[in-house]
1. Are any of the residues in the stretch 116-129 among the β-branched types (Val, Ile, Thr), surrounded by 11 or more Cβ atoms within 10 Å (Cβ to Cβ) and modelled with pLDDT of 90 or more?
2. Anything in the stretch 80-101 that is out of contact with any Pro (no Cβ under 9 Å at 6 or more places or on another chain) and either open to solvent by 80 Å² or more (accessible area, probe 1.4 Å) or part of a loop (DSSP other than H, G, I, E, B) (or both)? List them, or say none.
3. Would you mind finding the one in Thr107, Thr119 that is polar (S, T, N, Q) and outside any strand (DSSP E or B)?
4. Which of the following residues is under 16 Å from the mean Cα position of the chain (by Cα) and within 18 Å of Phe212 (Cα to Cα): Val56, Val63?
5. Within the group Val92, Val111, Val44, which residue is hydrophobic (A, V, I, L, M, F, W, C), at pLDDT 95 or above, in contact with a helix residue (DSSP H, G or I) (Cβ under 6 Å, 6 or more places away or on another chain) and within 26 Å of Thr144 (Cα to Cα)?
6. Hey, among the residues in the stretch 19-53 that are under 16 Å from the mean Cα position of the chain (by Cα) and not in a helix (DSSP H, G or I), which one's nearest to Trp129 (Cα to Cα)?
Amino acid sequence: MRSFLAITEDASDLALLSIDELRTAAGITGGSQDTALKALGLRVASAIMAECNIAVGSSTEGVEATLKQETLTQTFYQVEVDELMLARRHNVVVSSLVEDGTTLDDTDFMVDPESGLVTRLSSDCPRRWCARKVVATYKAGFETIPGDLKQAATDFFRYAYLESTRDPALKSEVVDIPGVERTERAWWVGSVPGQTFEGAVPDIVAGQLKRFLNPAIG
């Protein structure tokens, strides 16, 4: 089975954190650095989407993947499965399902709003999907960012902001003022502690994102 995802109504804002939350995470008051904070916040959000393997749909606007609410159309071909797996999930609301040109009634299917799994029903009993083409139109994603996702974004942003203000390869620094200042610096050789992760986000943040991880969709 192959499927293709198109975004028909994209999220107007991809940020996971408000500007006030970004300032608080960075320990900054006032708006003098808002532009830089917002840019870093969007990079953090993008990295989280990559880590979670959020599907990128096609769109004339060239939009990016997001966990925020969007309206999507997903077309499946050569469907022979027990359950349809939608490419986006969380708070899924299906507005229409068209199977080989026939629009299904609400009683013909059942959707799990968290997992995005759609079960075909016949006389209120689950049955296998078997069709040449199924077109699903649905909403998925969050209107309000849930606390666990917001916490992960905050921790990642704080980490990224601190890393941008210092050299992560610097092991220690000693400044001795009395003799008109003596500075000694020691540097990490090889891998830097805390820098061993290989994914899009630090390991400690990746562990907070388990709820939002998606399998690959064919």
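The values are calculated or read from the model by the stated rules, or taken from the named source; none is laboratory data. These numbers come from a predicted model, not from an experiment. FYI the Cβ positions are ideal-geometry reconstructions off the backbone, even for glycines, and counts take in every protein chain you see. In case anyone asks, the SASA skips ligands and DNA or RNA and just uses the protein heavy atoms, side chains included. Shrake-Rupley method; radii C 1.70, N 1.55, O 1.52, S 1.80 Å.
1. yes
2. Those that are out of contact with any Pro (no Cβ under 9 Å at 6 or more places or on another chain) and either open to solvent by 80 Å² or more (accessible area, probe 1.4 Å) or part of a loop (DSSP other than H, G, I, E, B) (or both): Glu80, Leu86, Ala87, Arg88, Ser95, Asp100, Gly101.
3. Step by step, each of Thr107, Thr119 is checked, and only Thr107 is polar (S, T, N, Q) and outside any strand (DSSP E or B).
4. From the options Val56, Val63, the qualifying one is Val56.
5. So the residue among Val92, Val111, Val44 that is hydrophobic (A, V, I, L, M, F, W, C), at pLDDT 95 or above, in contact with a helix residue (DSSP H, G or I) (Cβ under 6 Å, 6 or more places away or on another chain) and within 26 Å of Thr144 (Cα to Cα) is Val44.
6. The qualifying residue nearest to Trp129 (Cα to Cα) is Asn53.
Condition check ((1) touching a Phe, Trp or Tyr at 6+ places or on another chain (Cβ under 8 Å); (2) at pLDDT 90 or above; (3) part of a loop (DSSP other than H, G, I, E, B)) across all residues:
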residue	(1), (2), (3)
Arg132	yes, yes, no
Tyr138	no, yes, no
Ile145	no, yes, yes
Ala153	no, yes, no
Leu162	no, no, no
Pro178	no, no, yes
Ser191	no, no, yes
